[in-house]
1. Counting just the residues of region 35-92 that are under 17 Å from residue 111 (Cα atoms) and among the hydroxyl-bearing types (Ser, Thr, Tyr), which one comes out surrounded by the most Cβ atoms within 10 Å (Cβ to Cβ)?
2. Considering region 93-115 alone, what residues qualify as being buried (at least 16 other Cβ atoms within 10 Å of the Cβ) and either within 17 Å of the chain's Cα centre (by Cα) or closer than 15 Å to residue 57 by Cα (or both)?
3. Restricting to region 57-92, count the residues that are over 18 Å from the mean Cα position of the chain (by Cα), at pLDDT below 95 and among the basic types (Lys, Arg).
4. How about region 69-125: which of its residues are of a type in the set (D, E, K, R), part of a loop (DSSP other than H, G, I, E, B) and in contact with a Leu (Cβ under 6 Å, 6 or more places away or on another chain)?
5. Please indicate, with yes or no, whether at least one residue in region 21-28 is in the same structural domain as residue 115 (by TED's automatic domain parsing), under 17 Å from the mean Cα position of the chain (by Cα) and either at pLDDT below 95 or within 26 Å of residue 115 (Cα to Cα) (or both).
6. Can you name the number of the only condition in (1) without any contact (Cβ under 8 Å) to a residue 12 or more places away in the chain; (2) in contact with a Ser or Thr (Cβ under 9 Å, 6 or more places away or on another chain); (3) not polar (S, T, N, Q) that residue 45 fails?
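The values are calculated or read from the model by the stated rules, or taken from the named source; none is laboratory data. Computed from a prediction, not measured in an experiment: that's the story for all the values here. Virtual Cβ from ideal backbone geometry, glycine too; neighbours counted across all protein chains shown.
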Amino acid sequence: MGLFKKIMRYSFAMLGAVFIGLGIGWVYDKVTSKPEIPISVGIRPSILSKGRVLILESKVNHNLFLDVSLENEARTDKKLFKINLEPNRSKEIGWAEGWQVHTGDFLTINSSGYRDWSASLKKSD
């Protein structure tokens, strides 16, 4: 292979690496530049059954459309809740909604335009 072809092949490889790097940087900026979901998340004991109740409270003056996923690997359970959280209001997820919240549950909350939020429920002291 001639010197010119080697230089051109190397140049195109480097140019491709630069574009891939810029693309990854752009995706990273888009993900990290999203604001946090404007909600507070709490837990209270369930009055009606064993387990606890998850409380989601809006902190904004517009509706938030949330995908709330609860998963417990030990029980091999998983459930997705589609929630329309009204302005400055709260919603609860517990036994009555189809999920008893327990230690070890993994919670993920997604909402378009916001960073995903996740947490694992630890045993309280």
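1. 58
2. Matches in region 93-115: 93, 94, 105, 107, 109, 110, 111, 114.
3. 1
4. Once the filter is applied, which keeps residues that are of a type in the set (D, E, K, R), part of a loop (DSSP other than H, G, I, E, B) and in contact with a Leu (Cβ under 6 Å, 6 or more places away or on another chain), region 69-125 yields only 105.
5. There is no residue in region 21-28 that is in the same structural domain as residue 115 (by TED's automatic domain parsing), under 17 Å from the mean Cα position of the chain (by Cα) and either at pLDDT below 95 or within 26 Å of residue 115 (Cα to Cα) (or both).
6. Single failed check for residue 45: (2).
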